[in-house]
Amino acid sequence: MSKQLNKKKVPSISQKWLALFNKEEENQWIEKDEDILPYCLKQAIEEVALIVLTDFSGRIVYMSDELLTKLDYLWRDVNGHHYINLIDTVSMKENVRKSLHDVLHDGKKRTIETVHRKKDGTSVIFDTTFLPLPQSKPSHDQLFLILHQDTTLLNKAEEMINDLVTLDLATGLRNRKQFDQDLANYVRKTENSRKQIAILFLDLDRFKFYNDTLGHVTGDKLIEAISKELKLFENNDVSVYRYDGDEFTVLINESNIGDSGMELAKAILNRFLKPFVVKGNELFITASIGIARCPETGTTASQLVQQAEAAMHYAKERGKGDYQLYFPSLKTHHTEKLLIETRLREALGGNSFTLSYQPQIDLKSKQVVGVEALIRWEDNVLGKISPVEFIPVAEETGLIVQIGDWVLQEACHQAKIWYDQGFHLRIGVNISPIQFQRPDFVEKVNGILQKTGLPPKYLDLEITENDLLYNRDECYKTLKRLKESGIKISIDDFGTGYSSLSYLRRFPIDTLKIDKSFIKEVIQNINDQAIVTSIIQLAHNMNMRVIAEGVETSDMVAFLNDRECDEMQGFLYSMPLKKEDVIPFINKTEPQKVL
């Protein structure tokens, strides 16, 4: 479409642009749209209605109605004002100035993210593009076109997604992922500065008790109540995170006071002196806290977490409800367990394990009738480690299955060697509850007997009475299948567990082994005398044999003989022996002189 114009003077290009965008007057310079409005600008106007036109200095000479509405301004509010005044922060204002400067000098567009302040003080986020309007050459009447794309909702959506990723939904606290990110950032800031940070690792004491006795719903509500209280300790320098389960971490940023971590730990522990109200009930619970500081004790994020956790375990072992600052020489049962686990895994691939054999004496024939296989471990790093220390770790980690298989294989192999030499010794092997409960246990035992060639009647599997109290039907089936193979079954440490006479009546058991704790003071303690006497009588009435463990004096032997105990083992007769010493010891020893 063409217009006939009154041409008294030739307008400049800038004047034509101003006429095009004039909000108050008719366009006076337009002859043809295609002469003035390039295609790219047409597309921008059609597709993006959020437009600002500024002069060379950055003052607003035009703003689209759509953008005025978006920012809640009237044209008179912004006309002639500097575009920078609409930008929210000082740093962002500098980015806008730089973009305008760069566009002027190289003529290329720039796109940055800006936050604009609305008339009511709230903010809108834009992807903002700066480009110069066509001129024959840059001059002081140069105009800038600024295009805006509203990304406020997109940014809010990204923030919500980020919150879902970095927030613990159950408590509203930041989660472990956010903690790891924040800690890594703060550690980097300390590298070239004097800033310090501290982390607190907090673990609830006896939380599992509440969870198991009151139920998981109550446990979750307790965690929620504790989280609300911990959140009250947050400020500009303190952030609280839910690390995992009943564990929390606290990050203290820019701590220039050496004991700030300890002071905060004390304040948190003081809160735990009061009950937490959950579903109308007052629940008392304590916490143990470990503290690590950067750069004082550690200089990496992983170091600090490991140190704080180790200090927490130390506080827990020391009696719970306390805090502990990490120091390099601090050692805990937890760290020792971790080291033992690591070395156990190494030992499974080598030859660190050996078996010792303690003879068992028949009190009537006064001859060795069997031996108990006892595992020994000497590590090239830790030295000799007692089974009391490493067996619980092996059971906790599941390594006991591999260790137990090795013991069974080695013991049967050695018993077959003695059998072939004419010494028909019964071999006692302790079986872990984890081994015994495995569905392939019977097949594994039979496989080892077949492989080694040891007659089944010379294998005596020793299990503790507590093992039989769970899954009784399955236990009965397992014992029945073992007995059908001709294998002997003994109850080890009898009297120390949750004894139930019903299982003695039901299960196919051959022998009861009286725990050494009852034998130790049997001469002086009338209660122990009564217990030992009752066990022997009970066993004989049910056609079982009895072995007394821990026999160390001749007086004990006389007492056991008087009660017609069947067998004994203990230091009086022999310490556990190496495999090569068993047969020579039997050949040269006369039990009659000892007993």
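The values are calculated or read from the model by the stated rules, or taken from the named source; none is laboratory data. Keep in mind it's a predicted model, so treat the numbers as computed, not measured. A quick note on method: Cβ atoms are made from the backbone with ideal geometry, for glycine too, and the neighbour counts reach across all protein chains shown.
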| message | Looking at region 201-219, I want the residues that are within 25 Å of E309 (Cα to Cα) and have a partner that is modelled with pLDDT under 85 with Cβ atoms under 6 Å, at least 6 apart or on another chain. Which pairs are those? | response | G219/Y210; G219/N211
| said: For the structure I just gave you, tell me whether V96 is in the same structural domain as M63 (by TED's automatic domain parsing), aliphatic (A, V, I, L, M) and under 14 Å from L50 (Cα atoms). | reply: no
| query | Taking region 281-317 as the region of interest, how many residues are free of Cβ contacts under 8 Å to residues at least 60 places away in the same chain and hydroxyl-bearing (S, T, Y)? | reply | 3
| note | Result of the Cβ filter at 8 Å on region 505-524, keeping first residues that are over 13 Å from E462 (Cα atoms) and partners that are hydroxyl-bearing (S, T, Y) and in a loop (DSSP other than H, G, I, E, B), at least 6 apart or interchain, is S517/T496; I523/T553
| Are there any pairs, at least 6 apart or on different chains, whose C-beta atoms fall under 7 Å, with the first in region 262-280 and under 18 Å from D220 (Cβ atoms) and the second aromatic (F, W, Y), and if so, which? | P275/F284
| Tally time: how many residues in region 81-96 are over 15 Å from F126 (Cβ atoms), touching a strand residue (DSSP E or B) at 6+ places or on another chain (Cβ under 7 Å) and at pLDDT below 90? | 0
| request: Determine, yes or no, whether A548 is at pLDDT 90 or above and assigned to a helix (DSSP H, G or I). | output: no
| query | Tell me, which residue of region 456-492 that is aromatic (F, W, Y) and more than 18 Å from I417 (Cα to Cα) is surrounded by the fewest Cβ atoms within 10 Å (Cβ to Cβ)? | reply | Y470
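Here is a yes/no grid of residues against (1) touching a residue at least 24 places away in the same chain (Cβ under 8 Å); (2) over 24 Å from Q450 (Cα atoms); (3) aromatic (F, W, Y):
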site	(1), (2), (3)
E389	yes, yes, no
A394	yes, yes, no
L399	yes, yes, no
Q409	yes, no, no
W418	yes, no, yes
Q421	yes, no, no
G428	yes, no, no
| query | When you go through V371, V381, V388 one by one, which is the residue that is in a loop (DSSP other than H, G, I, E, B) and more than 23 Å from the chain's Cα centre (by Cα)? | reply | V381
| Lone qualifier among V429, V407, V388 - being in contact with a helix residue (DSSP H, G or I) (Cβ under 8 Å, 6 or more places away or on another chain) and either farther than 26 Å from A548 by Cα or β-branched (V, I, T) (or both) | V429
| Among the residues listed as Q324, Q307, the single one being over 30 Å from V217 (Cβ atoms) and either outside any helix (DSSP H, G or I) or modelled with pLDDT of 95 or more (or both) | Q324
| message | Give me the residue from region 270-282 that is of a type outside the set (D, E, K, R) and surrounded by fewer than 18 Cβ atoms within 10 Å (Cβ to Cβ) and, out of that set, nearest to T297 (Cα to Cα). | response | N270
| request: For region 380-423, name all the residues that are outside the structural domain of Q360 (by TED's automatic domain parsing), under 29 Å from P584 (Cβ atoms) and among the charged types (D, E, K, R). | output: K384
| field | Residue match in region 427-437 (condition: of a type outside the set (A, V, I, L, M, F, W, C), more than 36 Å from the chain's Cα centre (by Cα), within 27 Å of V532 (Cβ to Cβ) and not in a loop (DSSP other than H, G, I, E, B)) | value | yes
| query | In region 333-358, how many are over 15 Å from Q402 (Cα atoms) and either assigned to a helix (DSSP H, G or I) or in contact with a Cys (Cβ under 7 Å, 6 or more places away or on another chain) (or both)? | reply | 8
| task | Of the conditions (1) surrounded by 20 or more Cβ atoms within 10 Å (Cβ to Cβ); (2) at pLDDT 90 or above; (3) more than 30 Å from E263 (Cα to Cα), I340 clears all except one; give me its number. | result | (2)
| field | Near pairs, Cβ below 7 angstrom, 6+ apart or cross-chain, from region 359-373 (assigned by TED's automatic domain parsing to the domain that holds S574 and among the hydroxyl-bearing types (S, T, Y)) to any residue that is loosely packed, with under 15 Cβ neighbours inside 10 Å and in a strand (DSSP E or B) | value | none
| field | Those residues of region 405-455 which are surrounded by 14 or more Cβ atoms within 10 Å (Cβ to Cβ) and among the basic types (K, R), in sequence order | value | K416, R426, R438, K444
| remark: Within region 167-214, residues at pLDDT below 85 and of a type in the set (S, T, Y) come out as T190, S193, Y210, T213
| field | Close pairs (8 angstrom Cβ cut-off, 6 or more residues apart or separate chains): at positive phi in region 557-571, surrounded by 21 or more Cβ atoms within 10 Å (Cβ to Cβ) and part of a strand (DSSP E or B) anywhere | value | G570/A548; G570/E549
